[in-house]
Amino acid sequence: MKIVDAKVIVCCPGRNFVTLKVMTEDGVYGLGDATLNGRELAVASYLSDHVVPLLIGRDARRIEDTWQYLYKGAYWQRGPVTMSAIAAVDAALWDIKGKSLNAPLYQLLGGASRETVLVYGHASGVGIEETVQAVAQYQKAGYKAIRAQSGIPGLPSTYGVGRGSFYYEPAEKNAPPQSRWSSEAYMNFIPTLFARLRKEFGPEPHLLHDVHHRLTPIEAARVGKSLEPYHLFWMEDPTPAELQESFRLIRRHTTTPLAVGEVCNSIFDCQTLIQEQLIDYIRTAVVHSGGITHLRRIANLAEIYQVRTGSHGATDLSPVCMGAALHFDLSVHNFGIQEYMKHTDETNAVFPHAYQFEHGIMHPGEKPGIGVDINEELAAKYPYQRAYLPVNRRLDGTMHNW
Ligand code: CS2
Ligand code: MG
């Protein structure tokens, strides 16, 4: 089954997406998400200028060999751009295989290990009471697991707090918005948020929180300890994970479960975290960690150390990635939870899909392959618009993780 053509489709239905479409001589085509929020064109060029010419003439059925060919053949291995490009090719080839065998992708991954996939949504508010209302809305929508993020008193804006009803997955047009940060204000505030949420909603709902790489290890240990009475499902990205061993310090002080990995793009970026059981959930996603093929390797390593999956699923990962993720989630044994930020109607019109959400759980559907398509005509109506993620500075002006 020879690959005869491939193209990169960049569109912006409310936010930028990069999609690879691979076509075979049999007329079967596959899709892969290649979106890297804020640096989209780097991946689009990596694919169209360097990878697509190598794909023409290759056998689309040779998924593993193509993965190794693109990984080892580049010499300059790993990194978010390279691994997002390889991921897009990998997902597209799995999509083609499913379509050519008339089987939904999860059936090719070993079949279903569960009936449905537990997901969590993003509730946020400018203050505690607005966040309580947002969590109540998500509960009403049927979510059993809800991430809660709130504005911090004294700070003009902070990560994770949407503006109005629009979901919070910024990439702002033309220039990175500046936000301000104070770890002290955050550490003093965050326990009061979860005390209020548990008082309002009781012990039932799974509550999650994303620190978004902003604390030092000892600060993260303090916050993890302070949140223990509210038994979070997880505390995410408590400290930057470039130095994986820094999580040893956090682990020594708190039993609050930890989740890391959305910025990891290979097994090597999270190997120590997994093998030393420094985390409880690995957040790597199909689109940024080398596709289905590599994500399975990470999950299989994690299984040995009783680390479960909790893949990233924000709105800057396209419905093509969400579809592939749900097939992976349905099948992988050590599944934990899947992030699911609903895409806008605009986006969903460009990417019609088989996956469904109901009462806090999802299913990828039974369509062959990934079960997501792209309406190219509609996509063309939304041309790329340069956009940047925010940058974050401490109150004294020092650059800090956003
Ligand atoms: C976040 C993301 O969903 C999450 O856990 O960390 O919103 C992240 O900020 C964006 O995907 C960055 O593009
Ligand atoms: Mg996160």
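The values are calculated or read from the model by the stated rules, or taken from the named source; none is laboratory data. Remember, predicted model here, so these are calculated numbers, not experimental data. All Cβ positions, glycine included, derive from the backbone under ideal geometry; neighbour counts span all protein chains shown. Accessible surface is based on the protein model in full, side chains and every heavy atom, while ligands, DNA and RNA are left aside. Shrake-Rupley method; radii C 1.70, N 1.55, O 1.52, S 1.80 Å.
Based on the Cβ-Cβ distance from K199 to D345, what FRET efficiency comes out when R0 is 41 Å, to the nearest 0.05? Numbers along the way, then the final one.
Details: r = 35 Å, r/R0 = 0.86.
Once rounded, the FRET efficiency stands at 0.70.
Which listed residue (A324, T344, T293) has the Cα farthest towards the positive end of the charge dipole for region 200-346, taking +1 on Lys and Arg C-beta and -1 on Asp and Glu C-beta about the Cα centre?
Positive-end residue among those listed: T293.
In degrees from 0 to 90, rounded to the nearest 10, what is the angle of the helix 80-100 Cα long axis to the longest principal axis of the chain?
Orientation of helix 80-100: about 60 degrees from the principal axis.
Roughly how many percent of the accessible protein surface of region 3-104 is carbon and sulfur, given a 1.4 Å probe and a whole-percent answer? Can you show the working numbers first?
Details: 2130 of 3930 Å².
Carbon and sulfur atoms account for 54 percent of the accessible area of region 3-104.
To make sure I understand the rule: partners must be lysines, Cα under 29 Å from the Cα of K342, and not fewer than 8 residues away in the same chain. Which ones qualify?
K7, K21, K97, K99, K140, K144, K173, K199, K367, K381
Name the shape class, rounded, prolate or oblate, that the alpha-carbon gyration tensor gives for region 283-402, where a ≥ b ≥ c are the square roots of its eigenvalues, rounded holds for a/c under 1.5, and otherwise prolate holds if a/b is larger than b/c and oblate otherwise.
Working: a/c = 2.04, a/b = 1.07, b/c = 1.91.
It is oblate, given that a/c is not under 1.5 and a/b is not larger than b/c.
Which ³J(HN,Hα) values, rounded to whole Hz and listed in residue order, are derived for region 191-206 from phi using the Karplus coefficients 6.51, -1.76 and 1.60 in 6.51 cos²θ - 1.76 cosθ + 1.60 with θ = phi - 60°, glycine and proline given as x?
x, 5, 5, 7, 4, 5, 5, 5, 5, 6, 10, x, x, 4, x, 6
Kindly report the accessible area of region 20-163 per residue (heavy atoms of protein chains, probe 1.4 Å, no ligands, DNA or RNA), in Å².
Working: 5970 Å² over 144 residues.
Per-residue accessible area for region 20-163 comes out at 41 Å².
Taking a spot 7 Å from the Cα of R393 along the direction of its beta carbon, which residues of region 170-191 have an amide N less than 14 Å from it?
176-182
Please work out whether region 248-323 counts as rounded, prolate or oblate from its C-alpha gyration tensor, where a ≥ b ≥ c are the square roots of the eigenvalues and a/c under 1.5 means rounded, while otherwise a/b larger than b/c means prolate and anything else oblate? Intermediate values should be presented prior to the final figure.
Working: a/c = 2.35, a/b = 1.65, b/c = 1.43.
Cα axes put region 248-323 in the prolate bin.
What net charge do the residues around I282 carry, taking every other residue with its C-beta under 11 Å from that of I282, with Lys and Arg at +1 and Asp and Glu at -1?
Counting the neighbours of I282, the net charge comes to -2.
For N300, put the label point 7 Å out on the Cα→Cβ axis and report which residues of region 310-348 keep their amide N under 14 Å from it.
Residues passing the 14 Å test: 332-334.
Note down the relative contact order for the chain as a percent, whole number, built from C-alpha pairs under 8 angstrom at least six residues apart.
Values: 916 pairs, mean separation 91.4, N = 402.
Averaging sequence separation for qualifying contacts and normalising by length gives 23 percent for the chain.
Add -39500 (n - 2.57) for each DSSP H run of 4 or more in the chain, then divide by its residues: what number comes out at 222 nm, to the nearest 500 deg cm²/dmol? Working shown, then result.
Working: 14 runs with 137 residues, N = 402.
Mean residue ellipticity, 222 nm, calculated: -10000 deg cm²/dmol.
Treating the angle as unsigned and between 0 and 90°, give the value, to the nearest 10°, between the Cα long axis of helix 217-227 and the longest Cα principal axis of the chain.
70 degrees
Hey, can you grab everything whose amide H is under 5 Å from the amide H of N392? Only 5+ residues off in sequence or another chain; H modelled, so Pro and N-termini drop out.
S179, H400, W402
Label point 7 Å out from I218 along Cα-to-Cβ: which residues of region 248-264 have amide N under 13 Å?
Answer for this model: 249-250.
Any idea what angle helix 63-72 forms with the longest principal axis of the chain, computed on alpha-carbon atoms, 0 to 90 degrees, nearest 10?
Approximately 70 degrees, to the nearest 10.
Can you give the extra length, in nm with one decimal, that the chain gains between A141 and Q277 once fully stretched, where that is 0.36 nm per residue apart less the Cα-Cα distance? Present the calculation step by step, with values, prior to reporting the outcome.
Numbers: separation 136, 0.36 × 136 = 48.96 nm, distance 3.40 nm.
Net length gain for the segment: 45.6 nm.
³J(HN,Hα) across region 261-276 via Karplus (A = 6.51, B = -1.76, C = 1.60, θ = phi - 60°), whole Hz, x for Gly/Pro?
x, 5, 9, 7, 10, 7, 4, 6, 6, 9, 4, 5, 4, 7, 5, 9
What list of ³J(HN,Hα) couplings, whole Hz, do you get for region 44-60 from phi and the Karplus terms 6.51, -1.76, 1.60, once you set θ to phi - 60° and write x for glycine and proline?
Residue by residue, region 44-60 yields 4, 6, 3, 6, 6, 7, 10, 8, 3, x, 6, 7, 4, x, 6, 7, 5 Hz.
Report for the chain the percent antiparallel among DSSP-assigned beta bridges with both residues inside it, nearest 5.
Values: 24 of 50 bridges.
Beta bridges within the chain, antiparallel portion: roughly 50 percent.
How many nm separate the modelled label positions at L243 and E115, each set 7 Å beyond the Cα in the direction of the Cβ?
Computed distance between label sites L243 and E115 equals 4.7 nm.
Apply the a/c threshold of 1.5 to the C-alpha gyration tensor of region 3-104 and tell me whether it is rounded, prolate or oblate.
On the way: a/c = 1.81, a/b = 1.23, b/c = 1.47.
In terms of gyration-tensor shape, oblate.
Kirkwood hydrodynamic radius, computed over distinct alpha-carbon pairs, for the chain: how many Å, to one decimal? Could you put the intermediate results ahead of the total?
On the way: mean 1/r = 0.0469 Å⁻¹.
By the Kirkwood definition, the hydrodynamic radius is 21.3 Å.
Around A103, which amide H atoms from residues at least 5 apart in sequence, or from another chain, sit under 5 Å from its own amide H, with H modelled in the peptide plane?
Those lying under 5 Å, H to H, from A103 are G369.
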